[in-house]
Amino acid sequence: MRYISTRGEAPALGFEDVLLTGLASDGGLYVPESLPHFSLEEIRSWRGLSYSELAFRVMHPFVDDAIPADDFRAMLEETYDVFAHQAVAPLVQLDTNEWVLELFRGPTLAFKDFALQLLGRLLDYVLEKRKQHVVIMGATSGDTGSAAIEGCRRCEHVDIFILHPYQRVSEVQRRQMTTVLGDNIHNIAVKGNFDDCQRMVKESFGDQSFLGGKTQLAAVNSINWARIMAQIVYYFQASLALGGPDRSMAFSVPTGNFGDIFAGYLAKKMGLPISQLVIATNRNDILHRFMSGNRYEQHKLEHTLSPSMDIMVSSNFERLLFDLHGRDGAAVKSLLENASKGPVSIEDYRWRHARKLFDSDAVDDKTTCDTIREIYEQNEYLLDPHTAIGVRAARNCRRDNAIPMITLGTAHPAKFPDAIAESGLSVEPQLPPHMADLFEREERYTVLDNDVQGVQDFIARHWKNA
Ligand SMILES: *Cc1c(COP(=O)(O)O)cnc(C)c1O
């Protein structure tokens, strides 16, 4: 399988190189040159497979001969064995034909574990083979950092440095990062805000000379293709559990960066009958504004009760734009260059096509809280604020009650106690047993000034072979 850039100028790469690359050299994102397509008969034959075996069937064509089949199977078994539920992604019923797919049974209680547990293992496998080492550098305001750290804790060829804004992440989120103790794990608390952290990461990727040429940086944010790939699997799994592929399904997906919902779009293109895909955003609603009015325009960042979806631009949306433009990289390039200067639109017939593929909704904090309360009162079931946005959007956008509506449950409610409190419920969400002692565990992190040189010096001095 070859991968090409959405801006059409970077060289095509194989799976291994795509794994180790962040952005393409032309500023684009990598996508598969062609998608595998599965017949209904083949999908039907996957009924009853374990999650990891299903993951193998869905992902194998993307990995191709980069990893021998037996090794890839073993890696997937190990990856999904760490989840605290035998079904890995269990379904919970909310109402007649309405469901939540619980994607938060992994080590850090958010759906990002599905991709990052696998990504850590893939990186280590490929680096072992190549006798190489990488340094992962990332900035986090919450979920990504902890999932990436958990995913890399056992890697031998990866050092990971995660920057978070000092005293500006929740205690649960900080502890999920800082209590993972390993020689290759480095938490840096920057005396600044999230944007400062992100700027330092960007600058460091742009000029890696501080590493002295002895290692290179790798990215773990959702521009990494392997993350998208891993997220395609649970669309197949949920559908098979509810009578697919002989019935069509609808999905509602809480999203900010368009990663998770793009995976659903790919599942559909790969042959899974999906009749509706709902984009569910919070007040940071660039995607919803585009879908409703064909205007792609940055607004200023709003802080909401669903912080993992607080974004201004939606990086993975570029991958959809590429398809909407008939895979014309030059067209995508000029569109996105203009988008960084002001609002842009696409040709009307292309936008209409997008509207056929997706419905959308934006949900504010008050409605998020109302939904958490409503579902608790109906079912004694607690939603986290991100999932609540998905459920609200599902109910607002639903077209056909005969089709199962599945909302992706992206996080465990115990990660976001503030939103639960704000919804007026007197229940306190409990951390699951394997994390119950989180507040007693030893923490390890280094506080550094808001200064890129200081941070780079720290990294240069602390990676494994420094
Ligand atoms: C990251 C995250 C999202 C958004 O994911 P996208 O990649 O933007 O689709 C939603 N909910 C939670 C809990 C997250 O951590």
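The values are calculated or read from the model by the stated rules, or taken from the named source; none is laboratory data. What you are looking at is a predicted structure, and each value in this text was computed from that prediction instead of being measured. Glycine gets a Cβ as well: all are built from the backbone with ideal geometry, and neighbour counts include every protein chain shown. Side chains are part of the model used for accessible areas, which takes the heavy atoms of the whole protein and leaves out ligands, DNA and RNA. Shrake-Rupley method; radii C 1.70, N 1.55, O 1.52, S 1.80 Å.
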Inset, instruction - Kindly identify the range 89-215 as rounded, prolate or oblate by the Cα gyration tensor criterion: order the square roots of the eigenvalues as a ≥ b ≥ c, call it rounded if a/c is under 1.5, otherwise compare a/b with b/c, prolate if a/b is larger, else oblate. - result: oblate
Inset, instruction - Taking 7 Å along the Cα-to-C-beta vector as the label spot, tell me the Asp195-Asp437 distance in nanometres, rounded to one decimal. - result: 4.2 nm
Inset, instruction - Output the relative contact order of the chain, whole-number percent, from Cα pairs under 8 angstrom with separation of 6+ residues. - result: 19 percent
Legend entry - Within the accessible area of the chain (1.4 Å probe), percent carbon and sulfur: 45 percent
Inset, instruction - Please work out how much accessible surface Ser292 shows to a 1.4 Å probe, ignoring ligands, DNA and RNA, in Å² rounded to 10. - result: 60 Å²
Inset, instruction - Pull up all non-local amide H partners of Ala218: gap of 5 or more, or a different chain, and H-to-H distance under 5 Å with H placed in the peptide plane. - result: Val135, Ile136, Met137
Legend entry - Debye-sum result for the chain in log10 I(q)/I(0), which assumes one identical scatterer on each alpha carbon, at q = 0.06, 0.08 Å⁻¹: -0.24, -0.43
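Once the piece of chain linking Arg2 and Arg153 is laid out straight, how much longer is it, given 0.36 nm per residue of separation minus the C-alpha distance between them? Please list the in-between numbers first.
Numbers: separation 151, 0.36 × 151 = 54.36 nm, distance 2.94 nm.
Extra length from Arg2 to Arg153 when fully extended: 51.4 nm.
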Inset, instruction - Leaving ligands, DNA and RNA out of it, work out the accessible area of Cys397 with a 1.4 Å probe and give it in Å² to the nearest 10. - result: 20 Å²
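Which shape class, rounded, prolate or oblate, goes with the range 331-466 when its Cα gyration tensor gives a ≥ b ≥ c as root eigenvalues, a/c under 1.5 marks rounded, and past that a/b bigger than b/c marks prolate? Can you show the working numbers first?
Numbers: a/c = 2.62, a/b = 1.11, b/c = 2.36.
The shape class here is oblate.
Please list Lys366, Lys191, Lys341 in order of solvent-accessible area, largest first, computed with a 1.4 Å probe with all protein chains present.
I get Lys341, Lys366, Lys191, largest accessible area first.
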Inset, instruction - Within the range 385-424, which residues have the backbone N less than 18 Å from the label spot 7 Å out from His303 along Cα→beta-carbon, could you tell me? - result: 385-386, 416-423
Legend entry - Distance between modelled label sites at Phe205 and Arg444, nm, 7 Å Cα→Cβ extension: 2.7 nm
Inset, instruction - Using the heavy atoms of the protein chains and a 1.4 angstrom probe, tell me the accessible area per residue for the chain in square angstrom. - result: 40 Å²
Legend entry - Probe 1.4 Å - accessible area at Trp351, Å² to nearest ten: 30 Å²
Legend entry - Local electrostatic count, Ala394, Cβ distance below 9 Å [Lys/Arg +1, Asp/Glu -1]: +1
Legend entry - For the chain, calculated [θ]222 nm from helices alone, where every DSSP H run of n ≥ 4 adds -39500 (n - 2.57): -13000 deg cm²/dmol
Legend entry - For Tyr3, net neighbour charge (Lys/Arg +1, Asp/Glu -1) across residues whose Cβ lies under 12 Å away: -2
Legend entry - Using a Förster distance of 30 Å, the FRET efficiency for Ser39-Glu171 (Cβ separation, nearest 0.05): 0.05
Inset, instruction - Note down the nm distance, to one decimal, between modelled labels 7 Å out along Cα→Cβ at Glu347 and at Asn465. - result: 5.1 nm
